[in-house]
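Since the structure comes first, as structure tokens, the remarks are kept for the end.
Here, each number is a calculation from the coordinates, and none is a lab measurement. Remember, it's a predicted structure, so these values are computed and weren't measured experimentally. No Cβ is skipped: glycine too gets one built from the backbone with ideal geometry, and neighbour counts run over all protein chains shown.
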Amino acid sequence: MREIRCADRDALAPVEAAAVGATARAGGVILFPTDTLYGLGVDPFSEVALASLFRLKGREPDKPVPVLLADASLIGRYAAAIPEPWRALIERFWPGPLTLLFPAFPGLPPGIRSASGKVALRVPGSALCRAVLRAAGGSLTGTSANTAGAGGTGDPATALRGIGGDRRVGIDLFVNSGVLPPSQASTLLDINAAGDVITLRVGAVVEIGTGGYF
């Protein structure tokens with residue numbers, strides 16, 4: 001496992017960015033800091049990489065993982081449309097800890113596309129995280145760095161211990177930013193066919209529903 005130490009930084013050196021890109025293109029698993037917790041990132045379009053990620057987490061294959069984007073212009077890689085209520089929320093809360101479900105393109109891998117045809121997307125608030133995403137080609141999966149059923153963590157040592165218990169697949173690259181500030185997971189919203197917004201997970205964004213966004 002290669003390690004990049006970047007505590008107190010919001011950017012990657014060129015050689016570090018090249019290592020992130022090479023790992024993602026090779027189907028490797030990257031442990032990296034987001035704006036909330038440490039996450040496990042792989043190329044969202046690689047079914048081989050997604051399979052490695054699911055084995056590492058011990059996650060059921062019918063539970064897709066979210067995708068983190070370097071910026072909102074990349075939504076069109078994954079989403080067939082942007083629900084109208086999402087536009088104000090994207091403007092207000094991205095970059096930030098708000099995950100939104102979008103209608104997915106049919107051809108997306110099942111590891112990121114749900115049985116109901118949706119994909120979870122977010123632009124994280126951390127500049128360092130977005131730098132990692134840009135180096136990886138614009139996006140990575142953003143599932144928390146823990147085995148299925150365990151809680152996420154902002155402590156890299158805890159993340160390594162938790163994931164390291166499964167020796168079937170390893171972490172290929174570790175972007176170490178030290179212990180992250182305490183934070184909740186991102187808030188997760190869905191929208192139904194009638195246009196009603198549904199809160200699937202209450203998280204770090206708590207203003208929704210109080211600012212006239214719906």
Amide H neighbours of V65 under 5 Å, at least 5 residues apart or on other chains, H built in the peptide plane: list them.
I112
Tell me which residues come under 5 Å, amide H to amide H, from K118 once H is placed; ignore anything under 5 positions away on its chain.
A104
Once Rh is set to the Kirkwood radius over Cα pairs, what Stokes-Einstein translational diffusion coefficient, in µm²/s, holds for segment 17-79 at a temperature of 25 °C and a viscosity of 0.890 mPa s?
194 µm²/s
Which cross-chain or sequence-distant (5 or more) residues have an amide H under 5 Å from the amide H of A145, H modelled 1.01 Å from N in plane?
Y38, G39, L40, T153
Rounded to whole Å, sorted largest first: equivalent-ellipsoid semi-axes of the chain, Cα gyration tensor
26, 19, 16
Likely footprinting exposure, S52, S114, fewest C-beta neighbours within 10 Å first
S114, S52
For segment 101-162, compute Rh as the Kirkwood radius over C-alpha pairs and then the Stokes-Einstein diffusion coefficient at 25 °C and 0.890 mPa s; write the answer in µm²/s, rounded to an integer.
180 µm²/s
Could you tally the net charge around P110, taking each other residue with its Cβ under 14 Å from the Cβ of P110, Lys/Arg +1 and Asp/Glu -1?
+1
So for each of 62-71, 175-184 I average, over its residues, the number of other beta carbons within 10 Å; can you give me the resulting order with the highest mean first?
62-71, 175-184
Taking only C-alpha pairs under 8 Å that are 6+ residues apart, what is the relative contact order of segment 2-201 in percent?
34 percent
For I30, I198, I90, I82, which order do you get if you count the other beta carbons within 10 Å of each Cβ and list the fewest first?
I198, I82, I90, I30
Over segment 26-85, what is the relative contact order in percent, taking alpha-carbon pairs closer than 8 angstrom and at least six residues apart?
20 percent
Per the helix-only model, the chain has a calculated mean residue ellipticity at 222 nm (DSSP H runs of ≥4, -39500 (n - 2.57) each, divided over all residues, rounded to the nearest 500) of -7000 deg cm²/dmol
